[in-house]
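Data block below; observations after.
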Amino acid sequence: MNKTEYLNRLSNELGHMPYGDVKDIIQSIEEHFDEGVAEGRSEEEIAQSLGDPKELAAEFKDGAKFNQIMKKRKKMADSFKGPDGRGRIFVILFNAFLGIECWLILLAAIVAAFMFLAADAGIVGLLIASMIMGKITEFLVPSIFLVLTLICVGIFLVVLLILGIKYYAKGLKSYIRWNKHVWNYGLGEE
């Protein structure tokens, strides 16, 4: 992301801070970008060294000063050796033998729950239609209890699916971010 995009995102994240503080922070970050460009670095490299605008904004909201944040970020950047073969091999092997399979199993469980919910709705529909048409007379009371049970199971499955999909998406996003981090920065110090 370039300087303008980074500053816009940071400004949006700092939205609830006093205007004067936001202005000072944005000015400090602009100066940091200008100094970096003067040293021959690209805006994308500078933005990457600053990190995620949301995290940077959170540090400013916690009361940290620009110089403190930059010292902390420099120490963190120095602790990473950069992309190395070990990190990339780890990501490839981990995903090939464990990571992708786990996420596919979770996805299969969500699909199976959808299929069970559809079958549940179909059975409830058939039972209700049979009751209306008078086909189920001798088993009317057990059928009513079965319909009510299946409706409760259906409601439970809908709630479970909503939560499952929500946390599956969040977990997958974090997992991808972690893979990206290991791929780009390696495994860290030896």
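Numbers for the structure displayed
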{"item": "Label-point separation in nm, V37 to W183, each point 7 Å along Cα→Cβ", "result": "3.0 nm"}
{"item": "Computed helical MRE - 222 nm, the chain, DSSP H runs ≥ 4 contributing -39500 (n - 2.57), nearest 500", "result": "-27500 deg cm²/dmol"}
{"item": "From phi via Karplus (6.51, -1.76, 1.60), per-residue ³J(HN,Hα) for segment 110-119 in Hz, x at Gly/Pro", "result": "5, 5, 4, 5, 4, 5, 5, 5, 5, 5"}
{"item": "Signed unit charges on C-beta, dipole axis of the chain, positive-most listed residue A57, G122, L161", "result": "G122"}
{"item": "Estimated distance in nm for a label pair at L140 and N95, the labels positioned 7 Å out from Cα along Cα-to-Cβ", "result": "6.1 nm"}
{"item": "Members of K61/K180; K3/K170; K23/K173; K23/K54; K3/K166; K54/K180 lying beyond 24 Å, as alpha-carbon distances in this model show", "result": "K61/K180; K3/K170; K23/K173; K3/K166"}
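Values quoted throughout were computed directly from the atomic coordinates according to the rules given, and no laboratory measurement underlies them. Since the structure is predicted, the reported quantities are computational estimates derived from the model, not experimental observations. Cβ coordinates were reconstructed from backbone atoms using ideal geometry, including for glycine residues, and neighbour counts include every protein chain displayed.
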